1. Say we look at region B:199-216 and pick out the residues that are farther than 23 Å from B:Asn129 by Cβ and more than 11 Å from chain A (Cβ to nearest Cβ); which of these is surrounded by the most Cβ atoms within 10 Å (Cβ to Cβ)?
2. Just checking, how many residues over region B:397-455 are buried (at least 21 other Cβ atoms within 10 Å of the Cβ), of a type in the set (Phe, Trp, Tyr) and in a helix (DSSP H, G or I)?
3. Can you say whether B:Glu266 is closer than 25 Å to B:Ile490 by Cβ, part of a loop (DSSP other than H, G, I, E, B) and either among the acidic types (Asp, Glu) or within 14 Å of chain A (Cβ to nearest Cβ) (or both), as far as the supplied structure shows?
4. I'm checking my understanding of the structure. Among residues of region B:374-387 that are within 14 Å of chain A (Cβ to nearest Cβ) and out of contact with any Cys (no Cβ under 8 Å at 6 or more places or on another chain), which one is surrounded by the most Cβ atoms within 10 Å (Cβ to Cβ)?
5. Any idea which residue in region B:364-373 is farthest from the other protein chains (Cβ to nearest Cβ), counting only those that are part of a helix (DSSP H, G or I) and touching a Pro at 6+ places or on another chain (Cβ under 9 Å)?
6. Take the residues of region B:342-370 that are among the aliphatic types (A, V, I, L, M) and touching a residue at least 40 places away in the same chain (Cβ under 8 Å): which is surrounded by the most Cβ atoms within 10 Å (Cβ to Cβ)?
7. Within region B:20-41, is even one residue acidic (Asp, Glu), closer than 22 Å to B:Asp73 by Cβ and surrounded by 14 or more Cβ atoms within 10 Å (Cβ to Cβ)?
8. Say whether the condition of being closer than 30 Å to B:Arg375 by Cβ and within 14 Å of another protein chain (Cβ to nearest Cβ) is met by at least one residue in region A:200-216.
Amino acid sequence: MTQPFELVNFTKWIDSTLQALLPSFWVLVVELLLVGIALLGAYALIAMMLIYIERKITAFFQARIGPNRVGKYGIFQTVADVLKILLKEIIHINRVDKFLFYAAPFFMIIASVLTFGAIPFGVGLQALDFNIGVFFVTAVSSLGIIGVLLAGWSSNNKYSMIGAMRSGAQFVSYELSAGFALMTMVVLTGTMQFSEMIEAQRYCWNIFNGHIPAMVAFFIYLISGHAETNRGPFDLPEAESELTAGYHTEYSGLQFGFYYLAEYLNMFIIAAIAATVFLGGWMPLQISGWDAFNQIMWYIPSYLWFAGKVFVLIFFSLWVRWSFPRLRIDQLLNLEWKYLLPINLINIFIMVLMVLAGFTLTDLFN
Amino acid sequence: METIKLLIQKNFPNAIVSEAGKLTVAVEPNELRALIQLLYKNEGLPFDYLVYLIGGDEGEKLGVTYLLSSSVDTSAEVIVKTATSDRENPLLYTITDMYETAHLNEREVFAMYGIRFINNPDMRRFLLNDDWVGFPMRKDYNADPALNPISIVSKEMVDIAPRIMETADGLVEETVDIFEKDDYIINIGPQHPSTHGVMHFRTALDGEIVKKIDVHSGYIHRGIERLSENLTYPQILHFTDRLDYLSAGINRHALCMCVEKAASIEVPERAQYIRTIMDELNRISSHLLAWSAQTNDLGATTAFIYGMRERERVLDIFDKTCGGRLIVNNNVIGGTMFDIYPEFQADVKAFIPYMREKLKEYDRFFSHNVIALGRMIKIGNLSKEDAISYAVTGPAGRASGWACDVRKYQPYALYDKVEFKEIIRTEGDSYARYMNRLDEIEESLKIIEQLIDNIPAGDYKAKTKAIIKLPEGEYFQHVEAGKGLFGVYIESRGDKTPYRLKFRSPSMSLVSVMPLICKNEKISDFIGIGGSMDYVIPDIDR
């Protein structure tokens, strides 16, 4: 298959040029730097785009217009917002635990960036491709909760404290479900490496390949992913009408910006992982045997496929967020421990049986 | 009422009973409790509903006026008056044990007149600081700003309440702690997005569970009642809109009617139609805002904006009618300030089907949402007995099964000529209050439908004298505002200004019941229940 618009052609060209100019050690150093810069740049850019998209879509849901002043259709609104938040004064609070208070936002942002690095954006566009990719993602993404708990604890504010405690309970609970849902798919594909997972879904997405248990897992993953990002009906830690702003009440300026960015990026990360594990990741739509059709599909570059799938999931997440009222903490924990977790455990068992008995779609039709 | 009169005369031969207007009984302070108890326990028609508790300064004496009514028949009313001549240390007996609503009202009377109530469990001042010098509503109050300078120093909250209790050894002054020693107390308010105004609930928490709530109010107290004593009646009108600003027009209607009744001003038929239609539109806008705010308190921002969108249509009609949107300055003594504009009927008739359509949308979007139901059903239960004891009227009172719609039982304007259903539910939870409001919007639409095509031609305003003087006497007027019974009490001594003017606010009852119904609920539900009660703070901080 020719892949004319893939960015991998460009990165390969950079690599070969550097190889020709520098000794191999320095090539590595320069490439690492370039990848780091590219990731951070993408991180900021995607966050800004997401904020704009969210605001426009929300406006659409709520019979409003949304940003429409800065640039055509307000597309530069978030750029202006980011500039504003960079320039804003960081208000120093007197009675906080200084060290923890200032450290907390970094936990949040670092966890988010680390997870971001493991996401396969397209052919050859993956910074970290471990053989335990799924494990790595679940592990580092849960570091963020430390930032939330520290923020709530060190702020010396009772509202922040309640928010942080809620967040702790919520995160620990739903991380379990999210993890199990991903494990169900690991059982199906037999690998934890994202690149292999995507390759395995070339002709049949996991969600179809594993049919019923896979769809259950997908649904559970979306719910718990939603809960992990503190959004939608699960935004208890920062429940505006109850706790003003929850755990980040006392933060201002860029520190607040870190939480804000991380929240949006986490939404993206959850959608990206769901797209990768369940919906074939960046792999274009391919049908076994239809070579001409497959070639046409490849003319649409893989990163656009990826972006499209992620966007659909994010739209779904926004739809849920703006339709439902907020759950109460006990209802939230009931949902997890009494419903999602048992369903999940049974589901993973069914999946194991199904894979062993050869009832997946590819087994049945090949 | 004749039997009540005979009963009182038989048991209290010393009481002065008069029957100019409402049945009025004046007794000595030592007989007050016995009299009220007699009325409270009256067979068949128990006077278990305290509508007003009004402090008053009669010069020599400091007095309290109670307007008692019955939950069975809210049109039956008895006025009980008592007064003490001790101005230095005035003491009266409390009736809080019978009427819970008396608690906050007695504390307000203490703050304003300095009358302390024996056996009231918590005799702190309400609406004013504990260190306020003087009693503002007394006629001899010294208003020198030097006595009560504006403090810019942050004061610690003191959770200790003084009180006077009657024991075997006589009266004992004592203090009581509001909270336990190790309680985790958070301040919900005065600045909080969901207190619907500058309300302050000091809340003791046990984890997420509310243990106890202590209500503080008065952050925006403006002394409207005191200011009114120096203003003429047309001038006072403007204050009514600033009480419960969501029922602005309805409040103003109440004061207008009270003055018209006292001064025997005949209001033209056309004005009655305009007033009734405007009142119902006002109720719709108030209920829409209540619905929006409640959904927002439960975390559904989209529903909030939907409610605001429909409310905008009502406000546009107000805007075109009189220029005001929130503060509808339309009612004046003798009629309305402006006639309706030519397209008024067309606009209102276009609004009715639109609103019906949107009510269906609310139903589809929110009323049966599984999360919303989980957050409202069986949450914040208010029994009928408590609703009566706390004098919780309006949609909230009717959600507890208490038929208390003033429009039905003491009809004013055109409410005796139109047909509408009084919405009553018996569950008494947040969901019943929520559904009551939506159903009342529908009933309001029906009322408007019956009136809108029949507005008679003629004057929209009666000719009134330039200076309105009310004959000596006491005048009451109740209306059904968006949140419940809004009442005006005027005591006139024949001047162009009132001697005493009292606004009975429905929101004060709604707030006073919050500590009861939120006990042992989660903190999230406390916010949700607050939304379902729908109180407005300027209404309390008069």
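1. So the first thing to find is which residues in region B:199-216 are farther than 23 Å from B:Asn129 by Cβ, and the list is B:205-211.
Subsequent filtering for residues that are more than 11 Å from chain A (Cβ to nearest Cβ) retains B:206, B:210-211.
Details: B:Asp206: 11, B:Val210: 24, B:Lys211: 17.
Per the criteria, the residue is B:Val210.
2. Selection size over region B:397-455: 2.
3. On the way: closer than 25 Å to B:Ile490 by Cβ: yes; part of a loop (DSSP other than H, G, I, E, B): yes; either among the acidic types (Asp, Glu) or within 14 Å of chain A (Cβ to nearest Cβ) (or both): yes.
Taking the combined requirement at face value, the residue satisfies it.
4. Top of the filtered list is B:Arg375.
5. Here is the first cut: in region B:364-373, the residues part of a helix (DSSP H, G or I) are B:364-367, B:370-373.
Next, only the ones that are touching a Pro at 6+ places or on another chain (Cβ under 9 Å) stay: B:366, B:371-372.
On the way: B:Phe366: 8, B:Ile371: 5, B:Ala372: 5 Å.
Filtering region B:364-373 for residues that are part of a helix (DSSP H, G or I) and touching a Pro at 6+ places or on another chain (Cβ under 9 Å), the one farthest from the other protein chains (Cβ to nearest Cβ) comes out as B:Phe366.
6. At the first step, the residues of region B:342-370 found to be among the aliphatic types (A, V, I, L, M) are B:346, B:348, B:350, B:352, B:355, B:359, B:370.
Pick out the ones that are also touching a residue at least 40 places away in the same chain (Cβ under 8 Å) and you get B:348, B:352, B:355, B:359.
Working: B:Val348: 23, B:Ile352: 16, B:Met355: 20, B:Leu359: 19.
Among those that are among the aliphatic types (A, V, I, L, M) and touching a residue at least 40 places away in the same chain (Cβ under 8 Å), it is B:Val348.
7. Residues of region B:20-41 acidic (Asp, Glu): B:28, B:31.
Then keep just the ones that are closer than 22 Å to B:Asp73 by Cβ; that gives none.
No, that holds for no residue.
8. Of the residues in region A:200-216, the ones closer than 30 Å to B:Arg375 by Cβ are A:215-216.
Okay, now just the ones that are also within 14 Å of another protein chain (Cβ to nearest Cβ), so none.
No, the conditions are met nowhere in region A:200-216.
The values are calculated or read from the model by the stated rules, or taken from the named source; none is laboratory data. What you see is a predicted model, and the numbers here were worked out from it, not measured in a lab. All Cβ positions, glycine included, derive from the backbone under ideal geometry; neighbour counts span all protein chains shown.
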